[in-house]
1. What are the pairs, 6+ residues apart or on separate chains, where a residue within the stretch A:6-30 that is more than 16 Å from A:Val103 (Cα to Cα) has its Cβ under 8 Å from a residue that is modelled with pLDDT under 95 and part of a loop (DSSP other than H, G, I, E, B)?
2. Only one of (1) within 9 Å of chain A (Cβ to nearest Cβ); (2) surrounded by 17 or more Cβ atoms within 10 Å (Cβ to Cβ) is not met by B:Arg74, so which one is it?
3. Under the condition of being surrounded by fewer than 24 Cβ atoms within 10 Å (Cβ to Cβ), of a type in the set (A, V, I, L, M) and within 12 Å of the chain's Cα centre (by Cα), which residue from the stretch B:30-45 is farthest from the other protein chains (Cβ to nearest Cβ)?
4. Could you check the stretch A:60-71 and list, in sequence order, the residues that are away from every other protein chain (no Cβ under 11 Å) and more than 23 Å from B:Leu100 (Cβ to Cβ)?
5. Filtering the stretch B:80-99 down to residues that are of a type in the set (A, V, I, L, M) and more than 17 Å from A:His30 (Cβ to Cβ), which residue is nearest to the other protein chains (Cβ to nearest Cβ)?
6. Which one of B:Ile27, B:Ile75, B:Ile88 is assigned to a strand (DSSP E or B) and more than 12 Å from the chain's Cα centre (by Cα)?
7. Over 29 Å from A:Gly87 (Cβ atoms), charged (D, E, K, R) and assigned to a strand (DSSP E or B) - does that describe any residue in the stretch B:7-19?
8. For A:Ala118, state whether it is surrounded by fewer than 22 Cβ atoms within 10 Å (Cβ to Cβ), modelled with pLDDT under 95, of a type in the set (A, V, I, L, M, F, W, C) and in a loop (DSSP other than H, G, I, E, B).
Number of protein chains: 2
Amino acid sequence: MTNKNAPFLLSAEVPVEDLGDGIRRQILGHGDTLMAVRVWFETEAVGVLHSHPHAQVSYVESGEFEFSVGGEKRIVKAGDCVYAEPGIEHGAVCKSKGVLLDVFSPMREDFLPGEQGA
Amino acid sequence: MTNKNAPFLLSAEVPVEDLGDGIRRQILGHGDTLMAVRVWFETEAVGVLHSHPHAQVSYVESGEFEFSVGGEKRIVKAGDCVYAEPGIEHGAVCKSKGVLLDVFSPMREDFLPGEQGA
């Protein structure tokens, strides 16, 4: 059901999920300790403030985002990177349509349909 | 000396290291369990076959690469992703100048100057 541990995840072959509210995501390479997820945001889409026990890096591939991490806010653009330690509250507001690459450690089992019984 | 655990790593503020042989890198967000590294390759630059105990995802931001993972070779382009399990031999040959985002778990302490006594 999943591509766990698969070495090659080609963009054209991996489904893109529409999460609604202007956000779509594609689960890319992942194993037990690491998971890469590409996320498309429409302008004004919001990744609401939340926290999880996974460490996270968000790399800005394109667009412009206002990120909040642990209460500190910054505008980030293509080439910039955000790091959220495990348990730290973070979120983002998309200021100009774009794409993030989010990478988590350990993997987000909750992102995989098989783990949710779907 | 390092940006370990820093929430915001802005591309314009983070040094880019020239590793020679057509490869440059920039250490982005990282903590104990995760490290993001942006790597620029000139055409024909080679990331030689190697392995390490860290899991790795390589996301292709631009360009074209022939990746090898565990003996399997594929051509990957913008939007594609490669995953190498811990201990699996992997490497890449740049076919057309481009940029990878490599993310490791745990962090690559050997990439930080302070850890090498430099």
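The values are calculated or read from the model by the stated rules, or taken from the named source; none is laboratory data. Quick caveat, the model's predicted, so the values are computed rather than measured. Please note: Cβ atoms are built from the backbone with ideal geometry, for glycine as well, and neighbour counts cover all protein chains shown.
1. From the stretch A:6-30, the pairs are A:Val14/A:Asn3.
2. (2)
3. Result: B:Val39.
4. A:Glu66
5. B:Val99
6. Details: B:Ile27 fails: more than 12 Å from the chain's Cα centre (by Cα); B:Ile88 fails: assigned to a strand (DSSP E or B).
Just a single option satisfies the conditions, and that option is B:Ile75.
7. The answer is yes, given that some residue of the stretch B:7-19 is over 29 Å from A:Gly87 (Cβ atoms), charged (D, E, K, R) and assigned to a strand (DSSP E or B).
8. Yes; evaluated as a whole, the condition is true for this residue.
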